[in-house]
Structures are given as C-alpha cells and as structure tokens.
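Peer 1: One structure, pasted below without further comment.
The values are calculated or read from the model by the stated rules, or taken from the named source; none is laboratory data. Nothing here was measured: the structure is a model prediction, and the numbers come from that model. Because the Cβ atoms are built from the backbone with ideal geometry, glycine has one as well, and the counts that use them run over all protein chains shown.
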Amino acid sequence: MSPSDLHDRPALLEAHALAFARNDEPIFGPLDFSLHAGEVVLIEGDNGAGKSTLLRVLSGLLAPTSGEIRLNGEPLTLARLSPQVALLSHQSGLKPELTALENLRFSAGLHGVRKGISPATALAGVGLEGYADVPTRQLSAGQKKRVALARVLLAPVGLWLLDEPYANLDLDGIKLVNRLLENHANRGGGALITSHGAYAYTSGTPRRIPLRPSEQSRSGFSHDALGVSSASNGIAAEAAPTGTGAEAEAEAEAGAGAGTGTGTATATATASPSATGTSAP
Amino acid sequence: MKPGSTSAACAALIRRDLTLVWRRRGDALNPILFALIVVSLFPLALGPEPDNLRRIAAGVVFVALLLAGLLALDTLFRSDYEDGSLEQLVLSPHPLSLLLACKIAVHWLTTALPLILIAPLLGELLHIAEPVRWVLPAALLLATPLLSLLGAVCVALTVGMHRSGMLVALLVLPLYVPVLIFGAGACNAAQAGLPFLAPLLWLGAALVLALVLAPFACAAALRISLS
C-alpha cells in the first residue's frame, strides 16, 4: 500500500477538539489530531500529563468532556464501543492464576483472533515459547508485559492503543515492540503509543503529539525541553529520524546497541541532549 | 478481521471463571463454612429443645445463607477490576450485559448452589419440620439467583472504591429484605400448614424481572465505575 492510498480512506482515528476534565479540572486538551492506517504516533508528555487518560478516552472507556472521536470516519459513542481497538493499559488484564496460554485463549475467545495467528504462535511471537504452561503470577514484570503484548497482537483490530509499551522491557523487548509496531503498520494498522519523553521507537520518525498539563501549555513548553529531560531520565532512548520499510526494519534490528546506521542516533543517559533533540519534529 | 462470535466469547468467559474458581477452590469453601458456623451456633445459644429450634429453623437457614452470599458477593468483580480484565471485558465487541450475565451465572453456580445443596443438612441441625424440608430448597432456588443479580448491580456500582464492603452491605440489604420476607414467608406458611405457593410465585416473578433487567443495570453501573 502506498501512502497516497492510505490517506484516501477515512482516518483510522480522528479527534476534533477533544478535551477531558475530571471534576472540572482539565486533564488534557483540546486536542486535534488524526491517525491514518500505517502510522505509528507517539503521545509524549510528563508524568501526569494525561497520556493514559487520553488513551482511555480514545478507547471509549471514558467519555470525553467535549470534542469528538471518529474511528474509520464513524463517531465513537459509549453505547457502541468500537470492536476495532485493542488497549494495552497499565493493568495487564491477565489473571495471575491462569497460565500465559490460558490467558491468551480467553482473550482470543473474547475479542476474536487475527487471521493467521493463534494464541500459541502469538506467545512465540513475543519470545515466550517455553512459558505457555507457567502460571502468569510466576512471570516477571517484563514477561507479563510480553504476554499482554501477545494479547494485543492476537486481537483482530486495526488500531492499537499502547500505554507505555516499553515499560519493564529489556533491550530485546524494546526491539520486539518496535518490530510488532512496524509489522502492524505495514499490514495497514495504526498505533498510538505513549511515552514520558524517553522514547524507543526506532523505525522511521513517528509523528508526535505533545501532551502537557493545561497550566504548562501557556508557558511555552518546547519539544527540545522534552528531549533534554528524556536524555537525563536515564532511560535508553533510541531515535531513527529517517528510514522506511525493510530498511528501517534492518535498522531496528541493528539499532539498539550499535547506533551506527546513518541517521540513527542512540541516546543513553550519558548522551548529549542533541542526540534526542534531532528526533524532534 | 472479524471479531469472534458472541457465544464463543460467553463460552470463553464461563470457562475462564470456572477455571479460576477451581484454582482458588479454598476460597470457594468460605461461604459454606460461614453458613455452617452460624447455623450451628443457634442451638448452642438457644438450647437444644427441638420445638424451639423447629420454629426458627427455616428463618435461620435463610438468613445464614443470605449473609454467606453477601460475603461472597465482593469477589464477583473485585479481582477482575484490579487486574484490568474488566476493562478488556468492557472493550470487547460483544454485549457487556450478556457477558456480565454469564459472570453472574458462574458466580451463582459456584457460591450459591453449594449453599443450597447443604441447606437440607443445615435444616436438620435445627430439627426442621417435615413440610418445610422441601419448601426451603425450592424457595432458595428462586431467591438466591435473585439475590445474586441484585447484589451484582450494587457491587458493580461500588467496585471502583476501596474498602467498599460496608457500602455494598448498606446498598444491598434494603433490596434483600423483600426477598427474605417472601422466601422465609413461604417456609413459615408451609410450617403452619397454609398455602405457600403465592410467595414462591412472587419470588419467581421477581427473578424473571431481575434476569431481564439486572444485567443491563450491571453493565451501566460498571461503565460508571470504570470512568
């Protein structure tokens, strides 16, 4: 699919003047953005900026205070939650008493299964081949995250809403998330991912939606400031400003440690702020 | 990319909840032990005269089972809420009310049905009268699903709060009282040799109404709790 094809269809997700307030205290917005098929968009903001709340609003779990959400051109209402969305939230949605495979089987029954994949292959796809029969309570936080990612991978949906998909994951896990996101984008899906500044998406330049608490939005909070804070957060942040398709995939594979590919900047806690700064639009 | 069928989703949910009950089967015994303890304390407190105990037998068993059910009610959505699977349930493409009806049915099967099965034994502990022996389980069969459905709505409303146990009890008891009055009323009528069918039919009518309406109320309440 060429990009022009993708943009002819209605956007996977559109938000118009979307705002949310809890007890009259504004959490975020008003926001205007759209997400087309084949796109990965990064929502960034500090802790408490409302990233998770935004994802919950977009998934339909929370009703927006004002504004409108359209999924594939149709308005989203609470009464008709869209079957086209998979949400990965902070709570994994996994039962500690059940094994990884049992959890995925349940999810497959509840949400359906994407063509060409089964709970077992999804589990293998997130690098947990030998863990099918291990109760989820015995898995580490990162492994639980992988099972939750397998659940998202399994669901036959176009739009992924991933809240901090990189949290708790090792370098392999970060590469895995990038690979999953890229494959999903290549088959015409879209994804919104949140990150508190430090971001690890390596394939192409994702569009970014900066999200800030309402007070700060008036005091000129710049992207560069975010870049600096991410570099000093001590979280490995990788950025690959350019690169598409297979080329970017190869970079994603090689990117994490080496950081040698043209235009691939690997920023760690000690890297200069400019390394992450280059990735800012 | 098509979501699976609704019946497959219900089957998956029922299978998962039954598996969970089996994995936590120690917890499932709690309501039974509670009811057994409460009922066996009455003869100790009131003295062992069969005539005394016979008079209160049906009422005591009814109250003990109602309270035991209240004890188990909190587990209905609690763990699902805490681990986020309730979110996934709400986000599934299938009618939430139907999925919740399945959950409530499994909950009733695994908490209330064992209580009904031991009710005759509890009755014997209190020298239950001959005619009541069969009316009591019949009344419980109609009353306990009604209690589960009413309780589920209240639990759904409070699941987002911490330590909501007392609040649930306060919300639920006014709804439980009519059920208790009709259920125990049928038993008392049978004991007095009066017709007992009318209160049972009232319970049945209320159960049908709750079966239709409670899952919808429960779904709406859960959506409020999650927001």
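Peer 1: Could you tell me whether region B:14-31 includes any residue that is farther than 19 Å from A:Gly112 by Cβ, in a helix (DSSP H, G or I) and in contact with a strand residue (DSSP E or B) (Cβ under 9 Å, 6 or more places away or on another chain)? Steps first, answer last, please.
Peer 2: Kept after step one, since they are farther than 19 Å from A:Gly112 by Cβ, are these residues of region B:14-31: B:17-31.
Pick out the ones that are also in a helix (DSSP H, G or I) and you get B:17-23, B:25-28, B:30-31.
Adding the requirement that they be in contact with a strand residue (DSSP E or B) (Cβ under 9 Å, 6 or more places away or on another chain) leaves B:23.
Scanning region B:14-31 turns up at least one residue that is farther than 19 Å from A:Gly112 by Cβ, in a helix (DSSP H, G or I) and in contact with a strand residue (DSSP E or B) (Cβ under 9 Å, 6 or more places away or on another chain).
Peer 1: Determine whether B:Leu41 is at pLDDT 90 or above, surrounded by 13 or more Cβ atoms within 10 Å (Cβ to Cβ) and either away from chain A (no Cβ under 14 Å) or outside any loop (DSSP other than H, G, I, E, B) (or both).
Peer 2: On the way: at pLDDT 90 or above: yes; surrounded by 13 or more Cβ atoms within 10 Å (Cβ to Cβ): no; either away from chain A (no Cβ under 14 Å) or outside any loop (DSSP other than H, G, I, E, B) (or both): yes.
Against the criterion (at pLDDT 90 or above, surrounded by 13 or more Cβ atoms within 10 Å (Cβ to Cβ) and either away from chain A (no Cβ under 14 Å) or outside any loop (DSSP other than H, G, I, E, B) (or both)), B:Leu41 does not qualify.
Peer 1: Restricting to region B:5-28, give me the number of residues that are in contact (Cβ under 8 Å) with a residue 60 or more places away in the chain and not hydrophobic (A, V, I, L, M, F, W, C). Before the answer, list the steps.
Peer 2: Our first condition is that a residue be in contact (Cβ under 8 Å) with a residue 60 or more places away in the chain; within region B:5-28, this holds for B:6, B:9-10, B:13-14, B:17-18, B:21, B:28.
Among the residues that remain, those that are also not hydrophobic (A, V, I, L, M, F, W, C) are: B:6, B:17.
Counting residues in region B:5-28 that are in contact (Cβ under 8 Å) with a residue 60 or more places away in the chain and not hydrophobic (A, V, I, L, M, F, W, C) gives 2.
Peer 1: Condition check: modelled with pLDDT of 95 or more, assigned to a helix (DSSP H, G or I) and not β-branched (Val, Ile, Thr). Does B:Leu209 satisfy that? Don't jump to the end; show me each part of the working.
Peer 2: Values: modelled with pLDDT of 95 or more: yes; assigned to a helix (DSSP H, G or I): yes; not β-branched (Val, Ile, Thr): yes.
It is true that B:Leu209 is modelled with pLDDT of 95 or more, assigned to a helix (DSSP H, G or I) and not β-branched (Val, Ile, Thr).
Peer 1: Let me ask another. What do you reckon, is B:Arg163 charged (D, E, K, R) and under 21 Å from B:Leu96 (Cα atoms)?
Peer 2: Spelling it out, it is not the case that B:Arg163 is charged (D, E, K, R) and under 21 Å from B:Leu96 (Cα atoms).
Peer 1: In this structure, is B:Ala169 hydrophobic (A, V, I, L, M, F, W, C), touching a residue at least 24 places away in the same chain (Cβ under 8 Å) and either under 27 Å from B:Trp22 (Cβ atoms) or surrounded by 21 or more Cβ atoms within 10 Å (Cβ to Cβ) (or both)?
Peer 2: Values: hydrophobic (A, V, I, L, M, F, W, C): yes; touching a residue at least 24 places away in the same chain (Cβ under 8 Å): yes; either under 27 Å from B:Trp22 (Cβ atoms) or surrounded by 21 or more Cβ atoms within 10 Å (Cβ to Cβ) (or both): no.
Spelling it out, it is not the case that B:Ala169 is hydrophobic (A, V, I, L, M, F, W, C), touching a residue at least 24 places away in the same chain (Cβ under 8 Å) and either under 27 Å from B:Trp22 (Cβ atoms) or surrounded by 21 or more Cβ atoms within 10 Å (Cβ to Cβ) (or both).
Peer 1: In region A:123-166, what residues are closer than 23 Å to A:Leu13 by Cβ and of a type in the set (Lys, Arg)?
Peer 2: A:Arg151
Peer 1: Could you tell me whether B:Ala64 is more than 14 Å from chain A (Cβ to nearest Cβ) and touching a Leu at 6+ places or on another chain (Cβ under 9 Å)?
Peer 2: On the way: more than 14 Å from chain A (Cβ to nearest Cβ): yes; touching a Leu at 6+ places or on another chain (Cβ under 9 Å): yes.
Here the answer is yes, as B:Ala64 does meet what is asked.
Peer 1: Something else: Just a yes or no: is a residue in region B:208-217 buried (at least 20 other Cβ atoms within 10 Å of the Cβ) and closer than 17 Å to B:Phe62 by Cα? Talk me through it step by step, then tell me what you get.
Peer 2: Within region B:208-217, the subset buried (at least 20 other Cβ atoms within 10 Å of the Cβ) is B:210, B:214-215.
Subsequent filtering for residues that are closer than 17 Å to B:Phe62 by Cα retains none.
No: region B:208-217 contains no residue that is buried (at least 20 other Cβ atoms within 10 Å of the Cβ) and closer than 17 Å to B:Phe62 by Cα.
Peer 1: Tell me whether region A:136-150 contains one or more residues that are touching a strand residue (DSSP E or B) at 6+ places or on another chain (Cβ under 6 Å) and buried (at least 18 other Cβ atoms within 10 Å of the Cβ).
Peer 2: If we filter region A:136-150 for residues that are touching a strand residue (DSSP E or B) at 6+ places or on another chain (Cβ under 6 Å), which is where we start, we get A:148.
Remaining after also requiring buried (at least 18 other Cβ atoms within 10 Å of the Cβ): A:148.
Checked region A:136-150: at least one residue is touching a strand residue (DSSP E or B) at 6+ places or on another chain (Cβ under 6 Å) and buried (at least 18 other Cβ atoms within 10 Å of the Cβ).
Peer 1: Among the listed residues B:Leu180, B:Leu226, B:Leu200, which satisfies the condition of being of a type outside the set (Gly, Ala, Ser) and modelled with pLDDT under 90?
Peer 2: Details: B:Leu180 fails: modelled with pLDDT under 90; B:Leu200 fails: modelled with pLDDT under 90.
Being of a type outside the set (Gly, Ala, Ser) and modelled with pLDDT under 90 holds for just one of B:Leu180, B:Leu226, B:Leu200, which is B:Leu226.
Yes/no matrix, rows are residues, columns are (1) modelled with pLDDT of 90 or more; (2) surrounded by fewer than 22 Cβ atoms within 10 Å (Cβ to Cβ); (3) within 26 Å of A:Val147 (Cβ to Cβ):
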{"position": "B:Ala35", "(1), (2), (3)": "yes, no, no"}
{"position": "B:Ala45", "(1), (2), (3)": "yes, yes, no"}
{"position": "B:Ala58", "(1), (2), (3)": "yes, no, no"}
{"position": "B:Val61", "(1), (2), (3)": "yes, no, no"}
{"position": "B:Ala72", "(1), (2), (3)": "no, no, no"}
{"position": "B:Glu87", "(1), (2), (3)": "no, yes, yes"}
{"position": "B:Pro95", "(1), (2), (3)": "no, yes, no"}
{"position": "B:Lys103", "(1), (2), (3)": "yes, no, yes"}
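Peer 1: Considering only region A:32-60, how many residues are modelled with pLDDT under 85 and among the hydrophobic types (A, V, I, L, M, F, W, C)?
Peer 2: Count: 1.
Peer 1: Got a sec? Which helices (runs of 4 or more DSSP H) wholly within region A:51-169 have at least 1 residues that are without any contact (Cβ under 8 Å) to a residue 12 or more places away in the chain and within 12 Å of chain B (Cβ to nearest Cβ)?
Peer 2: Of the helices (runs of 4 or more DSSP H) lying wholly inside region A:51-169, those with at least 1 residues that are without any contact (Cβ under 8 Å) to a residue 12 or more places away in the chain and within 12 Å of chain B (Cβ to nearest Cβ) span A:100-111.
Peer 1: So, restricting to helices (runs of 4 or more DSSP H) that lie completely within region B:79-166, which ones have at least 1 residues that are within 14 Å of another protein chain (Cβ to nearest Cβ), touching a Lys or Arg at 6+ places or on another chain (Cβ under 8 Å) and free of Cβ contacts under 8 Å to residues at least 60 places away in the same chain? Can you show your working first?
Peer 2: Values: elements: B:85-91, B:96-107, B:113-125, B:132-158.
Per the criteria, B:85-91.
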